[in-house]
Amino acid sequence: MDAPHNVLNSKMRSANEQLELRVQECTAELQQKTEKLAAEIAEGARSQAKVFDSLKEISGLKTALDEHALVAITDPLGKITYANDKFCAVSKYLCEE
C-alpha cells in the first residue's frame, strides 16, 4: 500500500516543482514587462512635458506677434479666417467679420 502512496507523492512533488518553475518564469516575465511599461510611461511623461513647454513658448510668441504686428490668416481662397486686434483696428473691420 505504501508503493502507490509513494508514487502519488512523487508525482505531486514533481507537479508542484513544475508549477513553481512556471510561476517563477511568469513572475520574471511580468517583472520585465512592468519595467518596460514603467520606462515607456516615463518617456511619455518627458514627451508630454516637452510638448507643454513648446506650447507655452508658441503661446508667448503669438502674444508678442499679436501685440506688435498686423496679423491676418486666410484660407486658400483668400477669405480671412483669423485677424488679430491690431489688424482689425487698422482695417476698421470687426474681428467677428
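The figures follow:
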| read-out | value |
| --- | --- |
| For Tyr93: the one exception among (1) surrounded by 10 or more Cβ atoms within 10 Å (Cβ to Cβ); (2) outside any loop (DSSP other than H, G, I, E, B); (3) not aliphatic (A, V, I, L, M) | (2) |
| Residue within region 61-72 that is β-branched (Val, Ile, Thr), in a helix (DSSP H, G or I) and at pLDDT 95 or above present | no |
| Cβ-Cβ under 8 Å pairs, at least 6 apart or on other chains, region 60-75 side farther than 9 Å from Phe87 by Cβ and of a type in the set (S, T, N, Q), far side outside any helix (DSSP H, G or I) and modelled with pLDDT under 95 | Thr74/Ile80; Thr74/Thr81 |
| Check on Met12, over 30 Å from Cys88 (Cα atoms), at pLDDT below 95, surrounded by fewer than 10 Cβ atoms within 10 Å (Cβ to Cβ) and of a type outside the set (Val, Ile, Thr) | no |
| Matching residues in region 73-90 - criterion: being assigned to a strand (DSSP E or B) and either surrounded by 10 or more Cβ atoms within 10 Å (Cβ to Cβ) or of a type in the set (A, V, I, L, M, F, W, C) (or both) | Ile73, Thr74, Ile80, Tyr82, Ala83 |
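The values are calculated or read from the model by the stated rules, or taken from the named source; none is laboratory data. What you see is a predicted model; the values in this text were computed from it and never measured. Reconstructed Cβ throughout: ideal geometry from the backbone, glycine too, with neighbour counts over all protein chains shown.
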